[in-house]
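This report refers to the structure that appears directly beneath it.
The values are calculated or read from the model by the stated rules, or taken from the named source; none is laboratory data. Please read all numbers here as calculations on a predicted model, not as lab measurements. Note that we place each Cβ from the backbone using ideal geometry, even for glycine, and neighbour counts take in every protein chain shown. Quick note on the areas: whole protein, heavy atoms, side chains included, nothing else; ligands and nucleic acids left out. Shrake-Rupley method; radii C 1.70, N 1.55, O 1.52, S 1.80 Å.
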Amino acid sequence: ARAVAGRLVGGPGIVAVIASGLTGTISGSAVANTASTGVITIPLMKRAGFSPTFAGGVEAAASTGGQLMPPIMGAGAFVMASLTLIPYEQIVAVAALPALLYFLSVAFFVRIEARRLNLPPMPSDGETFRSAFAKGGASFVLPIGGLITMLVTGFTPAYAAVFGILAVIASSWLTQNRMGPRAVAEALIMGTKGMIMTAVLLCTVGLIVNVISTAGIGNTFSLMIAEWAGGNLLIAILLVALASLVLGMGLPTLGVYVLLAALVAPALIQMGIEPIAAHLYVLYFGMMSMITPPIAMAAFAAASIARAPTMATGWSSMKFGWSAYVIPLLFVFSPSLLLIGETSDIALAVVTAVMGVWLVSAALAGFFARPLGVAMRSLFVVFGLMALVPAGMFEG
């Protein structure tokens with residue numbers, strides 16, 4: 001991350017966004033990701049001149065976004081494939097654009113704040129892709145790259161996982177940290193402990209899902225939302241968003257997704273929403289509970305590291321991740337943001353969405369090339385949201 005963004009304006013913040021996003025996609029917990037990467041990225045941002053509240057908010061928002069980022073999505077991609085029977089490669093393909101737009105919104109805030117504070121770029125430490133690869137990067141990049149390639153090309157997860165384990169051992173010999181028999185044994189022990197925790201979580205979630213399906217709570221919940229909405233799709237998706245935010249509070253990614261997939265997603269599917277859009281929708285709002293006050297678990301973890309006010313950090317992280325509250329509403333109505341449809345429509349939706357994210361982020365930050373007044377901020381929001389709306393969402 002430092003080799004990519006270290007010398008950009010706002011470099012420490014953008015390094016935090018990239019590093020936390022990449023770590024978050026495989027960690028399975030926004031809070032754990034915030035705690036593990038935040039101890040490095042938050043002090044780095046504070047030393048560069050960002051305020052503690054800003055640094056904590058950026059870290060929490062980026063760590064939460066990692067759960068939405070393909071190809072792993074905090075392991076949610078694999079569970080989604082098994083529940084919806086949609087091919088894994090299709091899920092990671094359609095989830096890519098919304099996740100990238102989310103990270104762009106956080107990165108835009110970092111760049112705008114750095115411009116506002118007139119912060120200089122980070123001093124170069126001589127780090128390059130080649131040096132990072134030699135120090136230990138090969139033992140991360142090659143196994144994960146091979147694992148993802150095998151999954152996308154049709155190999156079973158178990159077969160791909162065995163290959164990944166062997167690739168970790170082999171690629172370590174390309175770095176300074178070569179794995180001998182003792183290191184291999186320790187790694188297998190750590191992996192086993194991790195599997196036990198995951199198995200306990202999945203067993204617990206399985207019990208909850210079985211109770212929901214056996215008692216018919218899921219169907220009752222769906223009928224209740226449909227009745228309250230009175231047939232209005234917009235009201236229905238807002239009710240689903242609220243339910244997802246409340247039910248997702250404090251749960252790890254897998255727990256959030258499996259619970260919402262059984263309880264809330266059927267309500268959207270029954271109203272004619274594409275199954276993949278419905279499942280991504282509930283995943284997004286379930287994960288946004290991590291940065292949505294009053295129970296913003298990831299933001300509170302970041303605040304403790306940054307030594308910043310907890311609620312102020314929560315509101316900051318919510319502001320930085322604003323796109324995750326808006327983009328799911330759009331891809332429910334128009335699948336072009338999920339890369340579904342004509343190529344020309346998709347290309348236009350991508351370009352205008354990037355413009356829209358930048359304009360709204362600038363309005364929320366109150367700064368573009370110079371400070372923005374109330375009237376200009378209002379115009380930026382209006383035109384930004386209009387740019388975000390896909391062309392095929394409305395006739396004409």
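When the solvent-accessible surface of protein heavy atoms is calculated with a 1.4 angstrom probe, in what order do Arg111, Arg130 fall, highest first? Intermediate values should be presented prior to the final figure.
Details: Arg111 90, Arg130 205 Å².
I get Arg130, Arg111, largest accessible area first.
Can you sort Met355, Met122, Met224, Met197 by solvent-accessible area, 1.4 Å probe, largest first? Mind dumping the intermediate values first?
Details: Met355 105, Met122 20, Met224 70, Met197 135 Å².
Heavy-atom accessible area, descending, gives Met197, Met355, Met224, Met122.
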Margin query: I need to check one value: relative contact order of the stretch 177-306, counting alpha carbon pairs closer than 8 Å and at least 6 residues apart, in percent.
Written below: 24
Checklist line | Under Karplus coefficients 6.51, -1.76 and 1.60, residue-wise ³J(HN,Hα) of the stretch 252-268 in Hz, glycine/proline x | finding: x, 4, 4, x, 4, 5, 5, 4, 6, 5, 7, 9, 10, 4, x, 5, 6
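Contact order normalised by length for the stretch 64-166, with contacts defined as Cα pairs under 8 Å and 6 or more residues apart; what percent is it?
Numbers: 52 pairs, mean separation 22.6, N = 103.
The value is 22 percent.
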Check: Across the stretch 45-118, how large is the tail of the calculated P(r) beyond 16 Å, expressed as a percent of all Cα pairs?
Finding: 56
Checklist line | Per-residue SASA entry for Phe140, accessible area with 1.4 Å probe, Å² rounded to 10 | finding: 140
Note to self: Need the full-extension length gain, Val200 to Ser82, defined as separation in residues times 0.36 nm minus the C-alpha distance. One decimal, nm.
What the structure shows: 40.6 nm
Notebook entry, point to check: Non-local amide H neighbours of Phe367 (under 5 Å, H modeled in plane, Pro and chain starts lacking H): which ones?
Noted result: Leu372
Item checked: DSSP loop GluC sites (Glu not before Pro) with at most 12 other Cβ within 10 Å excluded, longest remaining stretch of the chain -> 1-341
Note to self: Tell me the per residue accessible area of the chain using a 1.4 Å probe; a whole number in Å² is fine.
What the structure shows: 46
Item checked: Listed values [x] 1.07; [y] 0.99; [z] 1.34, entry calculated as Cα Rg over 2.2 N^0.38 Å -> [y]
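Accessible area of the stretch 300-396 with a 1.4 Å probe: how many percent of it is carbon plus sulfur?
On the way: 3450 of 4870 Å².
Summing carbon and sulfur atoms, their accessible area is 71 percent of the total for the stretch 300-396.
Of the heavy-atom accessible surface of the stretch 23-72 (probe 1.4 angstrom), what whole percent is carbon and sulfur? The partial results should precede the final answer.
Details: 960 of 1370 Å².
Using a 1.4 Å probe with all protein chains present, the stretch 23-72 comes out at 70 percent carbon and sulfur.
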